[in-house]
Amino acid sequence: MNSINTIAFDADDTLWVNEPYFQEAEIAFCELLEEYLPHDTVSKELLDTEIRNLHLYGYGVKGFMLSMVETATRISKGAAPLSMIDKIIAIGHDLLQKPVELLDGVAETLDQLKGKYRLVVATKGDLLDQERKLKKSGLQNYFHHIEIMSDKRNTDYQKLIRHLDCRPENFLMIGNSIKSDILPVLENGGYAAHIPYHITWAHEHHEHKPESERFMEFKNIREVLECL
């Protein structure tokens, strides 16, 4: 750990609240389609559509909106009225205007780390939405670099580490997703710290914790300070 000089943070559900808003939106969507199918079935259909469309739309609210429209059209066999599409768009617009609620301990932890380490945001999602949230968060001045990634695969982290002119053994990634924030970084030879969030998108679920001396797990972001 003494070799670390660069710390990257995931944003959604690591720095601020995100997934609960998406779950609220999904419930509203399922209610729109309850005359066609039960909520659980609609939810599964939506998830299947989102995953199928990831290579087209990427991650974020806009892809979620398009997947809701596609799912509604498919479930209703094309019979969904235009008023339903308007309501789906309104659900998406509401998501894009949610307040940015920092998670407990984030600002204080970044304040302790700034000046001692090079701090980076490395997050997935829609470019404009993530820029909006970062601006509203008031955290921009803590970070040396902001990377809004189309995906978080091994090669995406390699590109980021090269851009930062950093060696993998000097790099620590902190996030709430084992699948996206932890495994690819460990594969690259970096350090990774998992801070679980109480709600995780189904596509990010990963059952097993990695076995690596470069892997850490914390209950909250403040515990990062204790190991550095």
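The values are calculated or read from the model by the stated rules, or taken from the named source; none is laboratory data. Remember, it's a predicted structure, so these values are computed and weren't measured experimentally. Cβ: placed from backbone, ideal geometry, glycine included. Neighbour counts: every protein chain shown.
Yes/no matrix, rows are residues, columns are (1) under 21 Å from residue 196 (Cβ atoms); (2) in the same structural domain as residue 160 (by TED's automatic domain parsing); (3) among the hydroxyl-bearing types (Ser, Thr, Tyr):
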site: 81; (1), (2), (3): no, no, no
site: 85; (1), (2), (3): no, no, no
site: 89; (1), (2), (3): no, no, no
site: 106; (1), (2), (3): yes, yes, no
site: 109; (1), (2), (3): yes, yes, yes
site: 113; (1), (2), (3): yes, yes, no
site: 119; (1), (2), (3): no, yes, no
site: 122; (1), (2), (3): yes, yes, no
site: 127; (1), (2), (3): no, yes, no
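On the stretch given as segment 142-161, residues that are of a type in the set (Asp, Glu) and in contact with a Leu (Cβ under 9 Å, 6 or more places away or on another chain) total 2. With respect to residue 97, determine if the residue is touching a Leu at 6+ places or on another chain (Cβ under 8 Å) and surrounded by fewer than 16 Cβ atoms within 10 Å (Cβ to Cβ). It is false that residue 97 is touching a Leu at 6+ places or on another chain (Cβ under 8 Å) and surrounded by fewer than 16 Cβ atoms within 10 Å (Cβ to Cβ). Looking across segment 36-66 at every residue that is of a type in the set (Phe, Trp, Tyr) and in a helix (DSSP H, G or I), the one that is modelled with the lowest pLDDT is identified as 57. Scan segment 130-138 and give yes if some residue there is in contact with a strand residue (DSSP E or B) (Cβ under 8 Å, 6 or more places away or on another chain), modelled with pLDDT of 95 or more, part of a helix (DSSP H, G or I) and among the polar types (S, T, N, Q), otherwise no. The answer is yes, given that some residue of segment 130-138 is in contact with a strand residue (DSSP E or B) (Cβ under 8 Å, 6 or more places away or on another chain), modelled with pLDDT of 95 or more, part of a helix (DSSP H, G or I) and among the polar types (S, T, N, Q).
Of the residues 172, 228, which single one is at pLDDT below 95, under 12 Å from residue 6 (Cα atoms) and surrounded by 13 or more Cβ atoms within 10 Å (Cβ to Cβ)? Give the steps one after another, and end with the answer.
Numbers: 172 fails: at pLDDT below 95.
Answer to the selection: 228.
This table checks each residue for (1) within 16 Å of residue 50 (Cα to Cα); (2) part of a helix (DSSP H, G or I); (3) more than 18 Å from the chain's Cα centre (by Cα); (4) without any contact (Cβ under 8 Å) to a residue 60 or more places away in the chain.
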position	(1), (2), (3), (4)
68	yes, yes, yes, yes
73	yes, yes, yes, yes
87	no, yes, yes, yes
90	no, yes, yes, yes
97	no, no, no, yes
100	no, no, no, no
104	no, no, no, no
109	no, yes, yes, no
119	no, no, no, no
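When residue 212 is tested against (1) touching a strand residue (DSSP E or B) at 6+ places or on another chain (Cβ under 7 Å); (2) at pLDDT below 95, exactly one condition is not met: (1). Residues that are in contact with a Leu (Cβ under 8 Å, 6 or more places away or on another chain), not in a loop (DSSP other than H, G, I, E, B) and not hydrophobic (A, V, I, L, M, F, W, C) within segment 13-35 comprise 21, 26, listed in sequence order. Test residue 151 against the stated conditions and say whether it is part of a loop (DSSP other than H, G, I, E, B) and either in contact with a Gly (Cβ under 8 Å, 6 or more places away or on another chain) or surrounded by fewer than 16 Cβ atoms within 10 Å (Cβ to Cβ) (or both). Answer is yes for this residue. Tell me which residues, restricted to segment 70-108, are over 28 Å from residue 135 (Cβ atoms) and of a type in the set (A, V, I, L, M, F, W, C). Listed by number, the residues that qualify are 72, 75, 79, 80, 82, 84, 85.
Checking each residue in segment 121-136 for being crowded, with 19+ Cβ neighbours inside 10 Å and either over 15 Å from the mean Cα position of the chain (by Cα) or polar (S, T, N, Q) (or both) picks out 123, 130.
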